[in-house]
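*Asks:* Following this message is one structure expressed as structure tokens.
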Amino acid sequence: RLGLIQWQMRPYSGFDELMQQVEYFVDAVAAYRSDFALFPEYFNAPLMAAYNKLSVSDSIRELAKYTEMIRNKFSELSIKYNINIITGSMPEIIDGQLYNVGNLCRRDGTIERYEKIHVTPDEQKVWGLQGGSKIQTFDTDCGKIGILICYDSEFPELSRIMAQEGMQILFVPFLTDTQNAYARVRLCSQARAVENECYVAIAGSVGNLPAVENMDISYAQSAVFTPCDFAFPSNGVKAEATANTEMILVADVDLDLLKELHNYGAVKNLKDRRTDLYEVSKK
């Protein structure tokens, strides 16, 4: 069972109030016996309001100072509420370079790190972000998963590599400001579900942050997508949130249906690949 958090961007007095809201949502999705909780990209951006007098590139580096504390708190919550948490994403400084990263906090206490491979032109130009270099899948107690941050969902090679490693659920935390930006993430995520015969869950933020430069507006409609075959919704949409409204979205996914699809689907996107002509592989 997947629990998606459609997060409202609003001012927070500081770290403690932000994490109080985080725990509220973790508690809520855990109460519905969700196995996973998915937070959006840059959900902690409201904390940058305290540094708005600094340059934009300096303010996000101040935000990065919270990342380790937030990761540790997420890990505590995953154990406390017995749920696997995909922490969305946060800025992190490594060897002086700024990256967009997130963590899988398993309910057994283990933590895995993932990176945004493709940073957007805005992230690179305004904040000075670097693209990551890790492409990987993660084993969990509820199947093998992949995680792609926002823009990464628009590059089919990444999810295809993950599918070749056995990925069953792809999680996409995102942050988009406009409807056309959201449409890119949504439509590409739907394509990833079809071509890789997997489930795809996307979660984003809504609302406005007038006091945070370069993070002014947000638009989202979180959703869970499926392949398009007889065992699934004909339009490939398992569930979707109300657009631009703070809420949680809970949806059940059946991994056994994916196994049936791989072998008996009307089409077999993975098995029918012409590997005699082409291949996708990590360097």
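Please treat every number below as a calculation from the coordinates, not as lab data. All of these numbers come straight from a predicted model, not from anything done at the bench. For neighbour counting, all protein chains shown are included, and Cβ atoms are generated from backbone atoms with ideal geometry for every residue, glycine included.
*Asks:* Would you please name the residue that is nearest to residue 173 (Cα to Cα), looking only at residues in segment 2-14 that are more than 16 Å from the chain's Cα centre (by Cα) and surrounded by fewer than 19 Cβ atoms within 10 Å (Cβ to Cβ)?
*Replies:* Applying the filter and picking the extreme gives 10.
*Asks:* Out of the residues in segment 20-38 meeting the condition of being loosely packed, with under 14 Cβ neighbours inside 10 Å and out of contact with any strand residue (DSSP E or B) (no Cβ under 6 Å at 6 or more places or on another chain), tell me which one is farthest from residue 66 (Cα to Cα).
*Replies:* Among those that are loosely packed, with under 14 Cβ neighbours inside 10 Å and out of contact with any strand residue (DSSP E or B) (no Cβ under 6 Å at 6 or more places or on another chain), it is 33.
*Asks:* Show the residue pairs that are 6+ apart or on different chains and have beta-carbon atoms under 6 Å apart, the first residue being within segment 1-24 and more than 25 Å from residue 238 (Cα to Cα), the second being assigned to a strand (DSSP E or B).
*Replies:* Note: pairs meeting the criteria are 9/205; 9/207; 9/218.
*Asks:* Just to check your reading of the model, which residue among 17, 62, 76, 68 is surrounded by fewer than 17 Cβ atoms within 10 Å (Cβ to Cβ) and under 26 Å from residue 144 (Cβ atoms)?
*Replies:* 76
*Asks:* While we're here: Exactly one of (1) within 17 Å of residue 189 (Cα to Cα); (2) free of Cβ contacts under 8 Å to residues at least 40 places away in the same chain is unmet by residue 269. Its number?
*Replies:* Failed condition: (2).
*Asks:* Please specify each residue of segment 117-147 satisfying the condition of being without any contact (Cβ under 8 Å) to a residue 40 or more places away in the chain and within 19 Å of residue 182 (Cα to Cα).
*Replies:* 118, 119, 120, 121, 123
*Asks:* Could you pull out the residue among 212, 224 that is among the aliphatic types (A, V, I, L, M) and either over 21 Å from residue 187 (Cβ atoms) or over 25 Å from the mean Cα position of the chain (by Cα) (or both)?
*Replies:* When all the criteria are applied, what remains is 212.
*Asks:* From 248, 217, 202, which residue is under 30 Å from residue 12 (Cα atoms), among the aliphatic types (A, V, I, L, M) and more than 17 Å from the chain's Cα centre (by Cα)?
*Replies:* 217
*Asks:* Next question. So the check is Cβ under 7 Å with 6+ separation or different chains; which pairs have a first residue in segment 45-56 that's within 14 Å of residue 218 (Cβ to Cβ) and a second one that's among the small types (Gly, Ala, Ser) and part of a helix (DSSP H, G or I)?
*Replies:* Correct list of pairs: 48/59.
*Asks:* Given the criteria out of contact with any helix residue (DSSP H, G or I) (no Cβ under 8 Å at 6 or more places or on another chain) and within 24 Å of residue 151 (Cα to Cα), does residue 218 qualify?
*Replies:* So residue 218 passes the test.
*Asks:* What residue, among those in segment 191-220 that are among the polar types (S, T, N, Q) and surrounded by fewer than 20 Cβ atoms within 10 Å (Cβ to Cβ), is nearest to residue 40 (Cα to Cα)?
*Replies:* Only one residue tops the list, namely 208.
*Asks:* A follow-up question, please. Counting just the residues of segment 49-75 that are part of a helix (DSSP H, G or I), touching an Asp or Glu at 6+ places or on another chain (Cβ under 7 Å) and not hydroxyl-bearing (Ser, Thr, Tyr), which one comes out nearest to residue 127 (Cα to Cα)?
*Replies:* Result: 56.
*Asks:* Which condition does residue 208 not pass, out of (1) touching a residue at least 40 places away in the same chain (Cβ under 8 Å); (2) in contact with a Leu (Cβ under 6 Å, 6 or more places away or on another chain); (3) not charged (D, E, K, R), if it passes all the others?
*Replies:* Status for residue 208: all satisfied but (2).
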